[in-house]
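Accompanying notes for the structure given below.
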Amino acid sequence: MYVCICRAVTTSQIQREATEADGKRSVREINDRLGCGKDCGRCRSNIKQLVQEAQSHSSQQG
């Protein structure tokens, strides 16, 4: 599912970025890497939530 329509960034892309680098990648780093959250900004809160959930889930499994 698309999270950022402006940049065509999907949920799975956000989750993958969030769990790389031992789950230590910040929301800002992910936004910079994927270009999401920089145009209209409507996706920012969803991106933040997805990153937190993915990193939390990853740390519980590790």
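The values are calculated or read from the model by the stated rules, or taken from the named source; none is laboratory data. Please read all numbers here as calculations on a predicted model, not as lab measurements. Glycine also receives a Cβ, built like all others from the backbone with ideal geometry; neighbour counts cover every protein chain displayed.
Is there a residue in the range 24-46 that is assigned to a loop (DSSP other than H, G, I, E, B) and polar (S, T, N, Q)? Talk me through it step by step, then tell me what you get.
So in the range 24-46, the residues assigned to a loop (DSSP other than H, G, I, E, B) come out as 24-26, 35-43.
This time we only want the ones that are polar (S, T, N, Q), so: 26.
Yes - at least one qualifying residue is present in the range 24-46.
Among the residues of the range 47-61, are any modelled with pLDDT of 95 or more, in contact with a Cys (Cβ under 7 Å, 6 or more places away or on another chain) and not in a helix (DSSP H, G or I)?
no
When the range 10-23 is examined, which residues are found to be surrounded by 13 or more Cβ atoms within 10 Å (Cβ to Cβ), assigned to a helix (DSSP H, G or I) and among the polar types (S, T, N, Q)?
Thr11, Gln13, Gln15, Thr19
Restricting attention to the range 27-58, and to residues there that are surrounded by 13 or more Cβ atoms within 10 Å (Cβ to Cβ) and among the small types (Gly, Ala, Ser), which single residue is farthest from Val3 (Cα to Cα)?
Step by step, filter the range 27-58, then rank; the result is Ser58.
Show the residue pairs that are 6+ apart or on different chains and have beta-carbon atoms under 7 Å apart, the first residue being within the range 6-35 and closer than 10 Å to Ile47 by Cβ and at pLDDT 95 or above, the second being part of a helix (DSSP H, G or I) and of a type in the set (Gly, Ala, Ser).
The qualifying pairs are Ala18/Ala54; Ile30/Ala18.
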